[in-house]
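The values are calculated or read from the model by the stated rules, or taken from the named source; none is laboratory data. Just so you know, these numbers come straight off a predicted model, no measurement behind them. In this analysis, Cβ positions are derived from the backbone assuming ideal geometry, glycine residues included, and neighbour counts consider all displayed protein chains. Only protein heavy atoms, including side chains, enter the accessible area calculation; ligands, DNA and RNA are left aside. Shrake-Rupley method; radii C 1.70, N 1.55, O 1.52, S 1.80 Å.
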Amino acid sequence: MSGELSLNINIKEPRWDQGTFMGRAQHFFMVTDPRNVLLSSETLEEARGIVENYRAGIVKPGLSEDELWKAKYVYDSAFHPDTGEKMFVIGRMSAQVPMNMTITGCMLTFYRTTPAVVFWQWVNQSFNAVVNYTNRSGDAPITVNQLGAAYVSATTGAVVTALSLKSLAKRLPPIISRFVPFAAVAAANCINIPFMRQRELKYGIPVTDENGNRLGESPNAAKQAIIQVVVSRIGMAVPAMEIPIYDLSVFLLVFATPLCCALFPQKSSMSLSGLEADLQERIRQSSPDTTTVYFNKGL
């Protein structure tokens, strides 16, 4: 151990209180900062080294607390919280704003022909599929066949649903039809996210006690996590779908992404009684004092 910085700083948790909305918002403004997409591989690896060394009790000489937290948020923006793997760049939450700006602009520009609408809907849902897979919860591996099947199911189902709902706009009163694109996006999210994270629904996601000790895997926790993510993603779509001025909707996207991520803590919790009966029994035997379990809901 070297340096003067205390080793008692808990960088396993966010810097701000996650029990409040404002604390979560501050946390996600850092994680989703679009500037993080531009960071070089060297910068990301340096941040990972600082974080991993600090967790191991090794402090870089001269490192300040602010520099440690900056490294932690650079690390969080690019590396998966469960697997520790570097995430595909366009799947990172820091890529949400620039990617959504680009795709939304194209969807609003190229809408005159059916092939163009289908193509950009497919691009949008493919992007969503990448984001949903990249930000999944848990560390269980997924095979290429499973990933391919999930992708085809998610994009096809979401595109067909979005196009079907959009076709309704031609037969509805204008005051109602203007909300149909938003309904289409909301419905597509309800299909895309569960399909891309279907392995979690089948096999469960890791649940832990308050100290981070792994207690098992729970499909019920996965259901709660995915519902929370669906609600957050639908909220993110509001500026692009419901704000008629494109420049203003782009501006609001910068705020919508972190604020909607902050609707629920990333480290979510549920009562032990909400888990599957067999898992409840195992936890009561191995950890009798545990009444609440925790899990990463994904983003």
Roughly how tilted is helix 277-286, in degrees to the nearest 10 and between 0 and 90, from the longest Cα axis of the chain? 20 degrees
Per residue, accessible area of segment 6-125 with a 1.4 Å probe, heavy atoms of protein chains only, in Å², comes to 53 Å²
Test of understanding: what is the full-extension gain from T109 to L163, defined as 0.36 nm times their sequence separation minus their Cα-Cα distance? 17.8 nm
Nonlocal Lys pairs with alpha-carbon distance under 21 Å, the chain (8 or more apart, or different chains): 21
Semi-axes in Å, largest first, for the chain (Cα gyration tensor, √(5λ)) are 35, 25, 17
So what's segment 121-164 giving for Cα Rg divided by 2.2 N^0.38 Å, two decimals? 1.20
Determine, from the Cβ-Cβ distance of E4 and E46 and an R0 of 25 Å, the FRET efficiency 1/(1 + (r/R0)^6), rounded to the nearest 0.05. 0.80
Where in the chain is the longest stretch that carries no chymotrypsin sites (Phe, Trp or Tyr not before Pro) classed as loop by DSSP and with at most 15 other Cβ atoms within 10 Å? 180-299
By accessible area (1.4 Å), largest first, R15, R136 order as R15, R136
Which value, in Å² and to the nearest 10, is the accessible area of K12 when all protein chains are kept and the probe is 1.4 Å? 150 Å²
For the chain, with the dipole built from +1 on Lys and Arg beta-carbon atoms and -1 on Asp and Glu ones, taken about the Cα centre, which of F28, N128, Q224 lies farthest toward the positive end? N128
Counting residues in segment 8-96 as N, plug N into 2.2 N^0.38 Å and put the Cα Rg over that result. 1.06
Solvent-accessible area, 1.4 Å probe, carbon plus sulfur percent, for the chain: 61 percent
Tell me the mean residue ellipticity at 222 nm calculated for the chain from its helices only (DSSP H runs of n ≥ 4, each -39500 (n - 2.57), averaged over every residue, nearest 500). -19500 deg cm²/dmol
Round to the nearest 10 and report in Å² the accessible area of C190, as given by a 1.4 Å probe over the protein chains' heavy atoms. 70 Å²
Distance from segment 167-238 to segment 58-132 (C-alpha centre basis), Å: 17 Å
So the FRET efficiency between L201 and T291, C-beta based with R0 = 25 Å and rounded to 0.05, is 0.50
Size of charge dipole - the chain - debye, nearest 20, with Cβ of Lys, Arg +1 and Asp, Glu -1, no other charges: 1200 debye
P(r) of segment 29-171 over all Cα-Cα pairs, binned every 10 Å from zero, in whole percent: 10, 31, 28, 18, 9, 3, 0
Would any residue of segment 33-66 have its amide N under 13 Å from a label point 7 Å out along Cα→Cβ of K86? List them or say none. 38-49
